[in-house]
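Down below is the structure, laid out as structure tokens.
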Amino acid sequence: MSTTPRTSALADFIAGFDVDALPGAVHARTLELVADGTGCLLAAANAAFSTGRLIAAFVRDQGGTPEASVVGNGFRTGCVHAALANGTMGYACDFEPHHPEAILHPIAVMIPTALALGERVGARGAQFLAAVGLGCEVEYRVSMALGPAEQYALGFHPSAVCGCFGATAAAAWLLGLDAEAVTRALGLAACQASGLMAWESDPSENARPFQMGMAARNGITAALLAARGFGGPVGVFDHGHTVFKAFSRAPRAELLAESLGARWDGVAGLAIKPYPCVSFLHPALDALFALVAEHDLHPKQIEAIVLRFPRSGVHCVDDNPLRSHCAQYVLPTALVRGRLEVADLFTDRRASDPQIRALSRRVRVEPDDGELEARFPERYATELEVRTTSGKVLRRRNDVARGYPETPMSQAEIDAKFDALVGSVASPQRLTALKNALAALPQADSLDDYAELLRAPVEGAQR
């Protein structure tokens, strides 16, 4: 019997993975998620947003073999640096698909990983999509085995820590590594896996998405080193200084390989976001807009808003310095403007809109230790209370936001989101061409068309 049953099972699964291993429905869902994430990624290259502008300039200065595209900036660089830049941009808008149960942003990591290495090795479109699906599944399994709430409690960022293993899986498979090399790659991933919730103190919104770039960069690095024969720890999920001991105090290690290959919850459980902000606030936004519509409310009629949320997640949304994660900013901004846009993350509307500024002071977040907390993190159960100037108190509970698999957005809503994101930085002709390239990916002989449309400079990008 193997002394590394979990590590070996995962390595064997990755090495033996095949393009056709994704069930039809999972493959179709992967393409849908890739399309949504692509729109978010390209929009993040807008030079008006500091995150994409600065990370692209950084990797340009590093130089490197021109083998992988830097999205929206018109140049190629080495695949490791391209993954760093694109992974950072992938999460910059906080609008790409997320996994509510595992508290992850895997698409932000896997598109950059599979694109960078796919360009390097000349992957077909179907291989690119399969690598994304594989990476999402591995990242999900690592997070569930560690426990997403456990990671939060220790100050770790699940998307970054677990994303490194997902990126390693995607990269190792695209490189064609055998099980022994994959084992070393997973060990090297464990040596690099990192990401602290300390980004919550950075109001620039730069450090938050940088951690997805780290995950993509480190995963590709682990796989490339293993491909060269570089040594790495073995049994990182089984014995010694394991991943479980490092990132959790109450792991469920059996979830790592349980029903491996038979269940694809890492893809099937992903949700498409209707709002560009932390997903913890999505149920509250849905509830807020529903109350406004139901009672024909106007912002001037609202005296105060009280948000009750599971205690384990309150730290992310209560007066967070980041606009994308701050209930006191997101709720008033969405209410007054009637919508929430990516630009709202990078421009503080409180500075220019006195109504938003005044409302932000009257939003309170209350931690719940009862039923809401018991459902977290599988559900971001929320109770919203709106108090009007006339003395009415309106309440609504919402456990599942729009965009979840069980409450999907309509195709028209998804299309409108893509059009708005891509249209913010590209011409109508490029928008149409990118849609066509995405639709053609499953049969595409290469990633050339897709990569070229992503790589071309966006409007306003620095040359």
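The values are calculated or read from the model by the stated rules, or taken from the named source; none is laboratory data. If you're wondering where the values come from, they're calculated on a predicted model, not measured in any experiment. Glycine gets a Cβ as well: all are built from the backbone with ideal geometry, and neighbour counts include every protein chain shown. These area figures cover heavy atoms from the full protein model, side chains too; ligands, DNA and RNA do not enter into them. Shrake-Rupley method; radii C 1.70, N 1.55, O 1.52, S 1.80 Å.
Given contacts defined as C-alpha pairs under 8 Å and at least six residues apart, what's the relative contact order of the stretch 86-191, whole-number percent?
Over the stretch 86-191, the number comes to 28 percent.
Would you work out the Kirkwood radius for the chain? I mean one over the mean of 1/r across all pairs of different Cα atoms, in Å.
It works out to 22.1 Å.
Relative to the compact-globule scaling 2.2 N^0.38 Å, provide the ratio for the alpha-carbon radius of gyration of the stretch 194-347.
Taking the Cα Rg and dividing by 2.2 N^0.38 Å, one obtains 1.38.
So what J values fall out for the stretch 202-207 if you push phi through Karplus, 6.51 cos²θ - 1.76 cosθ + 1.60 with θ = phi - 60°, rounded to Hz, Gly and Pro as x?
10, x, 5, 6, 8, 5
Which value results for Rg/Rh of the stretch 315-419 when Rg is the Cα radius of gyration and Rh the Kirkwood radius based on the inverse mean 1/r?
0.98
Compute from the Cα atoms of the stretch 368-463 the Rg and the Dmax, the latter being the longest Cα-Cα distance, and quote both in angstrom.
21.1, 64
At a probe size of 1.4 Å, how large is the accessible area of VAL422, to the nearest 10 Å²?
0
For the chain, find the longest principal axis of its Cα atoms and tell me its angle to the long axis of helix 5-15, 0 to 90°, nearest 10.
Value to nearest ten degrees: 80.
Quick one: helix 125-146 against the long Cα principal axis of the chain, what's the angle to the nearest 10°, folded into 0 to 90?
Here the helix axis deviates by roughly 70 degrees.
In degrees between 0 and 90, to the nearest 10, how far off the longest principal axis of the chain does helix 79-90 point, with axes built from Cα atoms?
Once rounded, one gets 20 degrees.
Only bridges with both residues in the chain count here: give the DSSP antiparallel percent, nearest 5.
75
Across the chain, how many lysine pairs, 8 or more apart or on two chains, come within less than 27 Å at their alpha-carbon atoms?
Number of lysine pairs found: 4.
Sorted by accessible area with a 1.4 angstrom probe, largest first, how do LYS300, LYS392, LYS417, LYS435 fall?
Result of the area sort, largest leading: LYS300, LYS392, LYS435, LYS417.
Within 12 Å, Cβ to Cβ, of GLU205, how many net charges do the neighbouring residues add up to if Lys/Arg are +1 and Asp/Glu are -1?
Net of charged neighbours comes to -3.
Based on alpha-carbon centroids, what's the gap between the stretch 392-413 and the stretch 291-356 in Å, whole number please?
Cα centroid to Cα centroid, the span is 17 Å.
Please state, to two decimals, what the Cα-based radius of gyration of the stretch 8-92 comes to when divided by 2.2 N^0.38 Å (N = residues).
Its radius of gyration relative to the 2.2 N^0.38 Å reference: 1.34.
Run the 1.4 Å probe and let me know the accessible area of ARG29, rounded to the nearest 10 Å².
Ignoring ligands and nucleic acids, ARG29 comes out at about 50 Å².
Given the stretch 420-463, report the % of alpha carbon pairs whose separation exceeds 12 Å.
Cα-Cα pairs in the stretch 420-463 separated by more than 12 Å: 61 percent.
Would you kindly calculate the mean projected area, averaged across all directions, of the convex hull enclosing the Cα atoms of the stretch 199-247, in square nanometres?
In nm², the orientation-averaged hull projection of the stretch 199-247 is 4.6.
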